[in-house]
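Values in this text are rule-based calculations from the coordinates and carry no lab data. Since we're looking at a predicted model, the values are computed, not measured. All Cβ positions, even for glycine, are placed from backbone atoms using ideal geometry, and neighbour counts span all protein chains on display.
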Amino acid sequence: MLILPDKLPRVGTTIFTVMSKLATDVGALNLSQGFPNFPTDPLLLELVTKAMRNGHNQYAPMAGVPALREALAQKTADCYGISYDPETEITVTSGATEAIYAAITAVVQPNKPTPDEVIVFEPAYDSYVPAIELNGGKPVFVTLAPPEYAIDWQVVANKITDKTRLIIVNTPYNPTGRVWTADDVEQLARLVQNRTIFVVADEVYEHITFDGRVHHSLMQHPVLFDRTFVISSFGKTFHTTGWKIGYCLAPKTLTAAFRKVHQFLTFSVSTPMQYALAEYLQQPDPYRNLSAFYQQKRDLFLQAISGSRLRFTPAEGTFFQCVSYADLTNESDYDLALRLTNEIGVAAIPVSVFYDQKNDYNILRFCFAKDDETLLRAGQRLSQFLVH
Ligand code: PMP
Ligand code: GLN
């Protein structure tokens, strides 16, 4: 019998696949996996068709279509006042997921003589740790607890050793909905300064912040700029999660290492979509208006569950809301997520799956990137169920 050694013994099928499949099977409202259920701007769709008709149907350049990289350089300069060279510092990827994998692979070394250590804040988006482990690195966890999910920077400092090579940051933060403050950025810079530590900044929700909060991109800090791979995704910004197009911004030497990996992971990314995105990016309204668009949805959902005994701190950013059900039941979040899907037809994500060790924080994550009617119906069902 052939035995295949398991490279990821602790990993099963992702929670997003599990919950979305269950939601589909039982016909539940799917507030689990993070994707919008409303249409993409028809203009963007027309631009894709136009690019296809214009013959842009063969391989794109490995780093991305030049017009898209130039548009990204312009957008980044407009939004953050930072300039990246489209030729040598911007790479278009197959979603943020590929960019995260390529950046981690570019940095992390196994066994020299011990594995590189990577600091990961948890709850952590679920692709980080497998990417570290497949590269022979060792994740070192900084655990954040609800409801504040505040970072104790002394704890982070204590976890840094001479083997620490990378820190992964996610702001705005999935699943917690928190947004890093300028002070958080400063604290990180202070810790990595004068050390050979790189940073992956997962900023896929960069355009979704609420109540007047500003997204502080790590690229804006001079100490961090030199060592950071800033990653984003059009999936979140333009309601196109199924297109799987993202990008990585990083200084020249980091980008060179990144592209060595990228060229053999995917080589290049869907050509007509890149042309369409390049043209669509010429007008800033779609991403400038995104925070207000999602803030209305957050507020609608919170209003709809306000009669229940769920407790929450309103999300500061992202399109996710974490809620505590500790006042209602002490069953595990996983069990409750299954029960809510099966019994009342509302699917959510149990947040404990984003931690290394089992915990009983009793938190569920709901995605509010849904049309208003879906949010109201979900809120009504949750309120009726979660009162006793
Ligand atoms: N990072 C975070 C924090 C996410 O929530 C997601 C989910 N979409 C990704 C990365 C992956 O993005 P993409 O779909 O562009 O691969
Ligand atoms: N980022 C999405 C979420 O957090 C899911 C992405 C995926 O399904 N892999 O729900």
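Quick one: of the DSSP bridges fully inside the chain, what percent are antiparallel, nearest 5?
45
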Exercise. Could you pull out the pairs from Lys138/Lys358; Lys163/Lys358; Lys75/Lys252; Lys236/Lys370; Lys21/Lys244 whose alpha carbons sit more than 22 Å apart here?
Key: Lys163/Lys358
Practice problem: Identify the chymotrypsin sites (Phe, Trp or Tyr not before Pro) of region 233-328 meeting these criteria: DSSP loop state and at most 12 other C-beta atoms within 10 Å of the C-beta. | Solution: Phe267
Quiz item: Using the Karplus equation 6.51 cos²θ - 1.76 cosθ + 1.60 (θ = phi - 60°), what ³J(HN,Hα) coupling, rounded to whole Hz, does each residue of region 194-207 give in order, writing x for Gly and Pro?
Solution: 6, 10, 8, 10, 9, 9, 9, 9, 8, 10, 5, 9, 3, 9
Self-check item: Inter-label distance, nm, simple model (7 Å from Cα along the C-beta direction), Ile82/Tyr355
Solution: 3.2
Quiz prompt | Tail beyond 13 Å, pair distance distribution of region 230-274 (Cα, percent) | solution = 62
Quiz item: In terms of the ratio Rg/(2.2 N^0.38 Å) built on C-alpha atoms, what value belongs to region 69-195?
Solution: 1.14
Quiz item: Between Asp183 and Leu376, what length comes free when the chain is fully extended (0.36 nm per residue of separation minus the Cα-Cα distance, one decimal in nm)?
Solution: 65.8 nm
Self-check item: Contour excess over end-to-end distance, with Cα ends at Thr329 and Thr40 and 0.36 nm allotted per residue
Solution: 100.2 nm
Quiz item: Taking amide hydrogens as modeled 1.01 Å from N in the peptide plane, which residues meet the under 5 Å criterion relative to Phe198, leaving out close sequence neighbours?
Solution: Leu166, Ile167
Self-check item: ³J(HN,Hα), Karplus 6.51/-1.76/1.60, whole Hz, each residue of region 211-218, x for Gly, Pro
Solution: 6, x, 5, 10, 7, 9, 6, 5
Practice problem: Scale the Cα Rg of region 197-288 by the rule-of-thumb value 2.2 N^0.38 Å and send over the ratio, two decimals. | Solution: 1.17
Exercise. Starting from the Cα gyration tensor of region 164-204, take the square roots of the eigenvalues, sort them a ≥ b ≥ c, and report rounded, prolate or oblate (rounded when a/c is under 1.5, otherwise prolate if a/b is larger than b/c, else oblate).
Key: oblate
Practice problem: Quick one: grab the alpha carbon gyration tensor of region 176-247, order the square roots of its eigenvalues as a ≥ b ≥ c, and give me rounded if a/c is under 1.5, else prolate or oblate depending on whether a/b is larger than b/c. | Solution: oblate
Quiz item: Between rounded, prolate and oblate, where does region 1-62 land on the alpha carbon gyration tensor, with a ≥ b ≥ c its root eigenvalues, rounded for a/c under 1.5, else prolate if a/b exceeds b/c?
Solution: oblate
Quiz item: For Val142, which sequence-distant residues (separation of 5 or more, or a different chain) have an amide H within less than 5 Å of its own amide H, given hydrogens modelled in the peptide plane?
Solution: Val120, Phe121, Glu122
Self-check item: Rh (Kirkwood; distinct C-alpha pairs) - region 1-144, Å
Solution: 19.3
Self-check item: Nonlocal amide H pairs with Thr93, under 5 Å, H built at 1.01 Å
Solution: Gly246, Tyr247, Cys248
Quiz item: Debye sum, Cα scatterers, the chain, no solvent: what log₁₀ I/I(0) at q = 0.06, 0.08 1/Å?
Solution: -0.23, -0.41
